[in-house]
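Just below is one structure, and these are the notes that go with it.
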Amino acid sequence: MNRDPVACFLLEEVPRVRRGLRRYTSDHCDGPVGYHNSRRAHDEIDYPLGSIGIDAIMDRPQIPDEEWPDRCDACGYWFPDDVARQITTCRVYRRADDGSLTTLRTAPAGAVWRAEWLEPRRAGPDGRAYVVRLPDGTDWMVDGPSYDERGEEAALHGWTRTGEAPRFTVRPSILIHRTGWHGYLTNGVLESV
């Protein structure tokens, strides 16, 4: 893992959603997810900001069989015709620093986004909840709970966030037990310890 400092940048939601085609089966696969799975990009459509309904996203266009993935990405297993077909969706975001478009799934380290869906439970002092993509690929809830070395929620411990997005300073340090990443977020820069 690269230990160089990572400058944070804000992601701003745009009124678009990317749809993909997915096929999968629960049969065992030695690949990373443990079952046969494949995804393929399909299209991008307009989708109003703040929409929570799925009607427009899940409108099932007639998709010819040849456009659907036909085999597992990890092992090459050929999917039988009756294997599940699913249309997946990802909201589109614009990077405030360079204007390029991304999704939360593909955003790199340093991405900061407002997680409005968390605000009823996990808001910071300004009433907002933010998530930061760390250098190890973990999505860290800045305004969420911290956990002790056993992975149990440490109710009295959390982070103090100051500054405006994306130039936050957060204390104490960040430690991700699952991956071992340890570092600081200071004035919008992530630094490994």
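Beyond 21 Å, what share of the Cα-Cα pairs of the stretch 108-192 is found? Please give it as a whole percent.
Value for the stretch 108-192: 22 percent of Cα pairs lie more than 21 Å apart.
Over all alpha-carbon pairs in the chain, figure out the percentage whose distance exceeds 31 Å.
Beyond 31 Å sits 32 percent of the P(r) for the chain.
Counting only DSSP beta bridges with both residues in the chain, tell me the antiparallel percent, nearest 5.
95
Just tell me the longest site-free run in the chain, where the sites are GluC sites (Glu not before Pro) in a DSSP loop having at most 12 other beta-carbon atoms within 10 Å.
The longest uninterrupted stretch comes out as 1-148.
Do the sum for the chain: with -39,500 (n - 2.57) for every DSSP H run of n ≥ 4, divided by all residues, what is the mean residue ellipticity at 222 nm, to the nearest 500 deg cm²/dmol?
-500 deg cm²/dmol
Could you give me the ³J(HN,Hα) list for the stretch 74-80, computed from phi with Karplus coefficients 6.51, -1.76, 1.60 and θ = phi - 60°, whole Hz, x at Gly and Pro?
7, 10, x, 3, 7, 6, x
How charged is the neighbourhood of Glu191? Take every other residue with its Cβ under 11 Å from the Cβ of Glu191, and add Lys/Arg as +1 and Asp/Glu as -1.
Summing Lys/Arg as +1 and Asp/Glu as -1 gives 0.
Quick note: the coordinates plus some simple rules give every number you see, no bench work behind them. The model shown is predicted, which means the values in this text are computed figures rather than measured ones. Here the Cβ is made from the backbone with ideal geometry for all residues, glycine too, and neighbour counts use every protein chain on show.
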